[in-house]
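Comments concern the structure below.
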Amino acid sequence: MTEFTPWLSLAGGGLIGLAAVLLMAFHGRIAGMTGILSGLVPPFSNDWGWRAAFLVGAIAAPALVVISSGYAIPFESPTPAPWLIVGGLVVGVGVYLGSGCTSGHGVCGMARLSPRSIVATLTFMAFTALTVFIIRHLIGGF
Amino acid sequence: MARILSALAIGLVFGAGIALSGMANPAKVLNFFDFFGTWDPSLAFVMGGALIVTAIGYLFVLRRNAPVFDRLFHLPTRRDIDMPLVAGSAIFGIGWGITGFCPGGAIPALGLGHGDAWLFVGAMTAGIALARLARQTLATRASIRAA
(Lines give C-alpha, C1' and ligand atoms only; values in the text may rest on other atoms or scores of the structure.)
Protein backbone atom coordinates (compact mmCIF):
# COMPACT_ATOMS: atom_id res chain seq x y z
CA MET A 1 0.00 0.00 0.00
CA THR A 2 1.06 3.57 -0.64
CA GLU A 3 -0.72 6.57 0.86
CA PHE A 4 -3.12 8.49 -1.44
CA THR A 5 -1.60 12.00 -1.73
CA PRO A 6 -3.83 14.10 -4.00
CA TRP A 7 -2.62 17.57 -2.93
CA LEU A 8 1.08 16.77 -2.78
CA SER A 9 0.85 14.99 -6.13
CA LEU A 10 -1.09 17.88 -7.69
CA ALA A 11 1.50 20.37 -6.39
CA GLY A 12 4.37 18.17 -7.60
CA GLY A 13 2.68 17.86 -10.99
CA GLY A 14 2.33 21.65 -11.09
CA LEU A 15 6.09 22.01 -10.51
CA ILE A 16 6.81 19.53 -13.31
CA GLY A 17 4.58 21.65 -15.56
CA LEU A 18 6.32 24.84 -14.43
CA ALA A 19 9.70 23.30 -15.32
CA ALA A 20 8.34 22.32 -18.76
CA VAL A 21 7.11 25.88 -19.39
CA LEU A 22 10.38 27.45 -18.17
CA LEU A 23 12.53 25.12 -20.30
CA MET A 24 10.50 26.13 -23.36
CA ALA A 25 10.55 29.85 -22.48
CA PHE A 26 14.29 30.04 -21.80
CA HIS A 27 15.82 27.24 -23.88
CA GLY A 28 13.15 26.46 -26.47
CA ARG A 29 13.26 22.80 -25.51
CA ILE A 30 10.75 20.06 -24.69
CA ALA A 31 11.20 18.89 -21.07
CA GLY A 32 11.37 15.23 -22.03
CA MET A 33 13.83 13.15 -20.02
CA THR A 34 14.40 10.73 -22.93
CA GLY A 35 15.41 13.51 -25.32
CA ILE A 36 17.55 15.32 -22.75
CA LEU A 37 19.32 12.13 -21.66
CA SER A 38 19.82 10.81 -25.22
CA GLY A 39 22.01 13.83 -25.99
CA LEU A 40 24.27 12.81 -23.10
CA VAL A 41 24.76 9.21 -24.21
CA PRO A 42 27.96 8.91 -26.31
CA PRO A 43 28.42 10.30 -28.91
CA PHE A 44 27.47 13.46 -27.01
CA SER A 45 25.42 16.07 -28.81
CA ASN A 46 27.07 19.48 -29.29
CA ASP A 47 24.69 21.17 -26.86
CA TRP A 48 25.44 18.83 -23.95
CA GLY A 49 25.99 21.73 -21.51
CA TRP A 50 22.39 22.66 -20.74
CA ARG A 51 21.39 18.98 -20.80
CA ALA A 52 23.98 18.06 -18.17
CA ALA A 53 23.02 21.11 -16.07
CA PHE A 54 19.31 20.16 -16.18
CA LEU A 55 20.20 16.60 -15.16
CA VAL A 56 22.39 17.74 -12.26
CA GLY A 57 19.54 19.97 -11.04
CA ALA A 58 17.01 17.15 -11.32
CA ILE A 59 19.26 14.77 -9.36
CA ALA A 60 20.17 17.33 -6.68
CA ALA A 61 16.57 18.48 -6.10
CA PRO A 62 15.23 15.54 -4.03
CA ALA A 63 18.17 15.80 -1.62
CA LEU A 64 17.60 19.56 -1.29
CA VAL A 65 13.89 18.97 -0.63
CA VAL A 66 14.74 16.51 2.14
CA ILE A 67 17.35 18.82 3.70
CA SER A 68 15.30 22.03 3.46
CA SER A 69 11.85 20.73 4.43
CA GLY A 70 12.66 17.64 6.48
CA TYR A 71 10.02 15.77 4.46
CA ALA A 72 11.26 12.20 4.02
CA ILE A 73 10.43 11.39 0.40
CA PRO A 74 8.95 7.88 0.33
CA PHE A 75 10.83 5.38 -1.84
CA GLU A 76 10.22 1.70 -2.25
CA SER A 77 11.38 -0.45 -5.16
CA PRO A 78 9.65 -3.84 -5.05
CA THR A 79 11.42 -5.22 -8.15
CA PRO A 80 14.36 -7.65 -7.65
CA ALA A 81 17.74 -6.50 -9.03
CA PRO A 82 17.93 -8.82 -12.09
CA TRP A 83 14.50 -7.58 -13.18
CA LEU A 84 15.55 -3.96 -12.63
CA ILE A 85 18.35 -4.52 -15.14
CA VAL A 86 16.03 -6.25 -17.64
CA GLY A 87 13.37 -3.57 -17.14
CA GLY A 88 15.94 -0.78 -17.45
CA LEU A 89 17.21 -2.13 -20.79
CA VAL A 90 13.63 -2.56 -22.01
CA VAL A 91 12.70 1.02 -20.99
CA GLY A 92 15.85 2.42 -22.66
CA VAL A 93 15.15 0.65 -25.97
CA GLY A 94 11.44 1.53 -25.81
CA VAL A 95 11.76 5.25 -25.11
CA TYR A 96 14.49 5.64 -27.76
CA LEU A 97 12.39 3.89 -30.43
CA GLY A 98 9.21 5.67 -29.35
CA SER A 99 10.98 9.09 -29.22
CA GLY A 100 9.85 9.89 -25.70
CA CYS A 101 8.50 8.92 -22.31
CA THR A 102 6.08 10.16 -19.67
CA SER A 103 7.60 13.65 -19.48
CA GLY A 104 8.14 14.26 -23.21
CA HIS A 105 5.02 12.61 -24.66
CA GLY A 106 2.79 12.42 -21.56
CA VAL A 107 3.23 16.03 -20.39
CA CYS A 108 4.81 18.24 -23.08
CA GLY A 109 3.37 16.49 -26.15
CA MET A 110 -0.09 15.97 -24.69
CA ALA A 111 -0.18 19.64 -23.62
CA ARG A 112 0.42 20.58 -27.28
CA LEU A 113 -2.23 18.05 -28.38
CA SER A 114 0.37 16.32 -30.58
CA PRO A 115 -1.26 13.27 -32.19
CA ARG A 116 1.97 11.27 -31.93
CA SER A 117 2.25 11.99 -28.21
CA ILE A 118 -1.39 11.13 -27.55
CA VAL A 119 -0.98 7.76 -29.30
CA ALA A 120 2.33 7.11 -27.52
CA THR A 121 0.93 7.98 -24.08
CA LEU A 122 -2.20 5.85 -24.48
CA THR A 123 -0.02 2.97 -25.73
CA PHE A 124 2.53 2.98 -22.92
CA MET A 125 -0.11 3.54 -20.22
CA ALA A 126 -2.08 0.54 -21.53
CA PHE A 127 1.00 -1.69 -21.72
CA THR A 128 2.17 -0.64 -18.26
CA ALA A 129 -1.22 -1.48 -16.74
CA LEU A 130 -1.29 -4.81 -18.60
CA THR A 131 2.24 -5.68 -17.45
CA VAL A 132 1.42 -4.83 -13.81
CA PHE A 133 -1.76 -6.94 -14.04
CA ILE A 134 0.15 -9.94 -15.45
CA ILE A 135 2.95 -9.71 -12.88
CA ARG A 136 0.78 -9.08 -9.81
CA HIS A 137 -2.40 -11.00 -10.55
CA LEU A 138 -1.56 -13.73 -13.07
CA ILE A 139 1.89 -14.88 -11.95
CA GLY A 140 1.54 -13.66 -8.36
CA GLY A 141 4.37 -11.12 -8.20
CA PHE A 142 8.16 -11.46 -8.20
CA MET B 1 27.03 30.75 -18.16
CA ALA B 2 23.53 32.19 -17.65
CA ARG B 3 22.28 29.47 -19.99
CA ILE B 4 23.82 26.72 -17.86
CA LEU B 5 22.62 28.20 -14.56
CA SER B 6 19.12 28.56 -15.98
CA ALA B 7 19.04 24.91 -17.06
CA LEU B 8 20.33 23.90 -13.62
CA ALA B 9 17.58 25.90 -11.87
CA ILE B 10 14.87 24.48 -14.15
CA GLY B 11 16.23 20.98 -13.51
CA LEU B 12 15.88 21.67 -9.78
CA VAL B 13 12.21 22.64 -10.23
CA PHE B 14 11.60 19.50 -12.31
CA GLY B 15 13.34 17.21 -9.80
CA ALA B 16 11.51 18.76 -6.84
CA GLY B 17 8.20 18.26 -8.65
CA ILE B 18 9.00 14.62 -9.40
CA ALA B 19 10.13 13.95 -5.81
CA LEU B 20 7.10 15.61 -4.14
CA SER B 21 4.58 14.12 -6.59
CA GLY B 22 5.57 10.50 -5.92
CA MET B 23 6.83 9.79 -9.44
CA ALA B 24 10.27 8.90 -8.04
CA ASN B 25 8.70 6.13 -5.93
CA PRO B 26 8.34 2.90 -7.98
CA ALA B 27 5.91 1.34 -5.47
CA LYS B 28 3.55 4.31 -5.84
CA VAL B 29 3.80 4.28 -9.63
CA LEU B 30 3.06 0.54 -9.78
CA ASN B 31 0.10 0.98 -7.43
CA PHE B 32 -1.37 3.60 -9.77
CA PHE B 33 -1.53 0.93 -12.48
CA ASP B 34 -2.82 -1.81 -10.16
CA PHE B 35 -6.55 -1.10 -10.51
CA PHE B 36 -7.51 -4.56 -9.26
CA GLY B 37 -5.18 -4.53 -6.26
CA THR B 38 -3.63 -1.78 -4.11
CA TRP B 39 -4.80 1.08 -6.35
CA ASP B 40 -3.38 4.53 -5.54
CA PRO B 41 -4.90 7.20 -7.84
CA SER B 42 -2.33 9.89 -6.87
CA LEU B 43 -0.53 9.87 -10.20
CA ALA B 44 -3.65 11.03 -12.02
CA PHE B 45 -3.24 14.24 -9.98
CA VAL B 46 0.43 14.52 -11.01
CA MET B 47 -0.52 14.19 -14.67
CA GLY B 48 -3.46 16.58 -14.26
CA GLY B 49 -1.40 19.26 -12.49
CA ALA B 50 1.47 19.00 -14.96
CA LEU B 51 -0.81 19.07 -18.01
CA ILE B 52 -2.85 22.10 -16.90
CA VAL B 53 0.25 24.20 -16.11
CA THR B 54 2.09 23.13 -19.28
CA ALA B 55 -0.86 23.63 -21.64
CA ILE B 56 -1.60 27.13 -20.31
CA GLY B 57 2.09 28.09 -20.03
CA TYR B 58 2.90 26.93 -23.57
CA LEU B 59 0.05 29.10 -24.93
CA PHE B 60 1.81 32.21 -23.63
CA VAL B 61 5.41 31.13 -24.26
CA LEU B 62 4.94 29.94 -27.84
CA ARG B 63 3.35 33.26 -28.79
CA ARG B 64 6.81 34.83 -28.46
CA ASN B 65 9.24 34.87 -31.39
CA ALA B 66 12.04 32.95 -29.71
CA PRO B 67 13.17 31.58 -26.34
CA VAL B 68 15.55 33.64 -24.20
CA PHE B 69 18.71 31.60 -24.88
CA ASP B 70 18.10 30.32 -28.41
CA ARG B 71 17.10 31.58 -31.83
CA LEU B 72 14.07 29.30 -32.15
CA PHE B 73 11.75 26.89 -30.33
CA HIS B 74 12.78 23.28 -30.98
CA LEU B 75 9.33 21.75 -31.47
CA PRO B 76 8.74 18.30 -32.95
CA THR B 77 6.92 18.72 -36.27
CA ARG B 78 6.05 15.14 -37.21
CA ARG B 79 2.38 14.18 -36.99
CA ASP B 80 2.43 10.70 -38.56
CA ILE B 81 1.83 7.61 -36.45
CA ASP B 82 4.51 5.08 -37.39
CA MET B 83 5.56 1.64 -36.21
CA PRO B 84 8.61 2.69 -34.11
CA LEU B 85 6.42 5.16 -32.18
CA VAL B 86 3.77 2.57 -31.29
CA ALA B 87 6.11 -0.41 -30.81
CA GLY B 88 8.62 1.67 -28.83
CA SER B 89 5.88 3.01 -26.57
CA ALA B 90 4.54 -0.53 -26.01
CA ILE B 91 8.06 -1.74 -25.14
CA PHE B 92 8.54 1.19 -22.77
CA GLY B 93 5.22 0.32 -21.08
CA ILE B 94 6.37 -3.25 -20.46
CA GLY B 95 9.58 -2.02 -18.82
CA TRP B 96 7.70 0.60 -16.78
CA GLY B 97 5.32 -2.12 -15.60
CA ILE B 98 8.19 -4.41 -14.56
CA THR B 99 10.10 -1.75 -12.61
CA GLY B 100 7.83 1.22 -11.80
CA PHE B 101 10.62 3.50 -13.07
CA CYS B 102 10.19 5.83 -16.05
CA PRO B 103 13.14 8.02 -17.19
CA GLY B 104 11.73 11.24 -15.68
CA GLY B 105 11.05 9.52 -12.38
CA ALA B 106 14.28 7.54 -12.20
CA ILE B 107 16.76 10.40 -12.79
CA PRO B 108 15.59 12.46 -9.76
CA ALA B 109 15.35 9.19 -7.76
CA LEU B 110 19.15 8.96 -8.12
CA GLY B 111 19.33 11.90 -5.73
CA LEU B 112 17.54 9.94 -3.01
CA GLY B 113 20.61 7.72 -2.79
CA HIS B 114 19.00 4.32 -3.32
CA GLY B 115 21.04 1.72 -5.23
CA ASP B 116 17.96 0.43 -7.07
CA ALA B 117 17.57 3.71 -8.95
CA TRP B 118 21.24 3.68 -10.00
CA LEU B 119 20.96 0.09 -11.22
CA PHE B 120 17.88 0.95 -13.26
CA VAL B 121 19.34 4.15 -14.75
CA GLY B 122 22.57 2.32 -15.70
CA ALA B 123 20.60 -0.35 -17.56
CA MET B 124 18.28 2.24 -19.13
CA THR B 125 21.19 4.30 -20.43
CA ALA B 126 22.72 1.13 -21.90
CA GLY B 127 19.34 0.41 -23.53
CA ILE B 128 19.27 3.85 -25.15
CA ALA B 129 22.87 3.43 -26.38
CA LEU B 130 22.12 -0.06 -27.78
CA ALA B 131 18.95 1.08 -29.56
CA ARG B 132 20.77 4.03 -31.11
CA LEU B 133 23.66 1.79 -32.24
CA ALA B 134 21.20 -0.69 -33.78
CA ARG B 135 19.35 2.07 -35.63
CA GLN B 136 22.60 3.57 -36.97
CA THR B 137 23.92 0.16 -38.06
CA LEU B 138 20.67 -0.59 -39.91
CA ALA B 139 20.70 2.84 -41.54
CA THR B 140 24.33 2.39 -42.67
CA ARG B 141 23.57 -1.04 -44.15
CA ALA B 142 20.54 0.33 -45.97
CA SER B 143 22.61 3.16 -47.47
CA ILE B 144 25.34 0.71 -48.55
CA ARG B 145 22.72 -1.46 -50.27
CA ALA B 146 21.22 1.58 -51.96
CA ALA B 147 24.61 2.75 -53.23
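Quick notes on this one:
- Hey, B:Ala126 part of a helix (DSSP H, G or I), at the interface with another protein chain (Cβ under 7 Å from one of its Cβ atoms) and modelled with pLDDT of 95 or more or not: yes
- Number of the condition not met by A:Pro42 [criteria: (1) over 19 Å from B:Ala87 (Cα atoms); (2) assigned to a helix (DSSP H, G or I)]: (2)
- Out of B:Gly88, B:Gly100, B:Gly115, one residue alone is within 18 Å of the chain's Cα centre (by Cα) and without any contact (Cβ under 8 Å) to a residue 24 or more places away in the chain. It is B:Gly88.
- Of the residues making up segment A:1-32, just one is facing another protein chain (nearest Cβ under 7 Å), among the small types (Gly, Ala, Ser), on the phi < 0 side of the Ramachandran plot and not in a helix (DSSP H, G or I), namely A:Ala31.
- Positions within segment A:74-113 being more than 7 Å from chain B (Cβ to nearest Cβ) and within 18 Å of B:Pro84 (Cα to Cα), in sequence order: A:Gly100, A:Gly104, A:His105, A:Gly109
- Whichever residue in segment B:8-51 is more than 7 Å from chain A (Cβ to nearest Cβ) and assigned to a helix (DSSP H, G or I) and, among such residues, is nearest to B:Gly104 (Cα to Cα): B:Val29
- Residues that are in a loop (DSSP other than H, G, I, E, B), surrounded by fewer than 18 Cβ atoms within 10 Å (Cβ to Cβ), in contact (Cβ under 8 Å) with a residue 60 or more places away in the chain and more than 17 Å from the chain's Cα centre (by Cα) occur in segment B:55-71; there is at least one.
- The set of residues in segment A:97-107 being without any contact (Cβ under 8 Å) to a residue 60 or more places away in the chain and hydrophobic (A, V, I, L, M, F, W, C) consists of A:Leu97 alone.
- Any hit, segment A:65-86, residues being touching a residue at least 60 places away in the same chain (Cβ under 8 Å), among the polar types (S, T, N, Q) and not in a helix (DSSP H, G or I): yes
- Exclusive hit being part of a helix (DSSP H, G or I), touching a residue at least 12 places away in the same chain (Cβ under 8 Å) and surrounded by fewer than 24 Cβ atoms within 10 Å (Cβ to Cβ), set A:Gly94, A:Gly35, A:Gly49: A:Gly35
- When the test is whether a residue is part of a helix (DSSP H, G or I), farther than 18 Å from B:Phe14 by Cβ and either more than 7 Å from chain A (Cβ to nearest Cβ) or in contact with a Pro (Cβ under 7 Å, 6 or more places away or on another chain) (or both), B:Ala87 does not pass it.
- Qualifying residues in segment A:55-73 (those that are out of contact with any Gly (no Cβ under 8 Å at 6 or more places or on another chain) and of a type in the set (Gly, Ala, Ser)) - the one farthest from the other protein chains (Cβ to nearest Cβ): A:Gly70
The values are calculated or read from the model by the stated rules, or taken from the named source; none is laboratory data. If you're wondering where the values come from, they're calculated on a predicted model, not measured in any experiment. Glycine gets a Cβ as well: all are built from the backbone with ideal geometry, and neighbour counts include every protein chain shown.
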